[in-house]
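The numbers here are math on the coordinates, done by the rules we state, and not lab data. As the structure is a prediction and not an experimental result, all values here were calculated from the model. All Cβ positions, even for glycine, are placed from backbone atoms using ideal geometry, and neighbour counts span all protein chains on display.
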Amino acid sequence: MFNIFKELFLSENPLPEEPDTRRRQFFREVFHSATDLVKELAKEKVGTRRYLRPPGAVEELTFNTLCTRCDECIKVCPHMAIRGAGPDMGLALGSPIIVPREKPCYLCEDFPCIKACKEGALIMPAKREEVRMGLATIDKEKCIAGGFINCQSCVIACPIIGAIEMVEGRPVIHEELCTGCGICENACLTVNNACAIRVRPL
């Protein structure tokens, strides 16, 4: 009987939270916030990003941790292909990005952007053919090559021999050779209003 009255009393007059209870609640909220952040970063990694990272970039979550937004890679790019992400880029705000349709990466032999990075967010590859910024794909419905049109703009522009070749009058991308530099996408845009090539970040 006493226990029944005790339960009724506590239901109407709850005891104040103990410090340990408040502390657990605080860490629970912090943990959930951190989890949401990781989920958002992970979502960007798997393909929702609309931009590429500079050559040699480490995986996205690590990149966002290491990059200090110092702009050194942006300053030294001779082609002005790297720019800071705007507010529409979410968590990437201020970090270095490449948008191929604006300006692709020209895969400089000495990679001044990588040399300028002191934080380890960009790592020097053994050779430029090993760079993997993204992967180019071709929309066959939009590609004007074939038939009476002998367009080879993407093949001619590609800096990696064999990455794109003409097969039966149409360009074919060999994924294992594609660096994701975006030069083919940029070249396609100059001859094709619909732009048949899209480079998606890895």
Report task. Determine the relative contact order of region 132-202: mean sequence separation of Cα pairs under 8 Å and six or more apart, normalised by residue count, in whole percent. Result -> 47
**Report entry** Dipole magnitude (debye, nearest 20) for region 132-202, charges at Cβ of Lys, Arg, Asp, Glu
**Finding:** 160
Report summary line: Rounded to one decimal in nm, the spacing of the 7 Å Cα→Cβ label points at LEU61 and GLN152 is 4.5
Report task. Enumerate by residue number the GluC sites (Glu not before Pro) in region 94-154 meeting two conditions: DSSP loop (anything except H, G, I, E, B), and at most 16 other Cβ atoms within 10 Å of the site's Cβ. Result -> GLU102, GLU109, GLU119, GLU141
Query raised in the report: Rg (Å, one decimal) plus Dmax (Å, integer) for the alpha carbons of region 132-202?
Result: 10.9, 35
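Which length gain, in nm to one decimal place, applies between ARG101 and GLU168 when the Cα-Cα distance is subtracted from 0.36 nm times their residue separation?
21.4 nm
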Query - Estimated D of region 49-130 in µm² per second, where Rh is the Kirkwood radius over Cα pairs and Stokes-Einstein applies at 20 °C, 1.002 mPa s - result: 170
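How far, in nm, would the chain grow between LYS115 and ARG69 when pulled straight, counting 0.36 nm per residue and subtracting the alpha carbon separation?
So the chain would gain 15.0 nm between LYS115 and ARG69.
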Report summary line: Under 11 Å by backbone N from the virtual spin label 7 Å along Cα-to-Cβ at ALA194, the residues of region 118-155 are 139-145
Query raised in the report: For LEU177 and LYS127 in the same chain, what is the full-extension length gain: residue separation times 0.36 nm, less their Cα-Cα distance, in nm?
Result: 16.8 nm
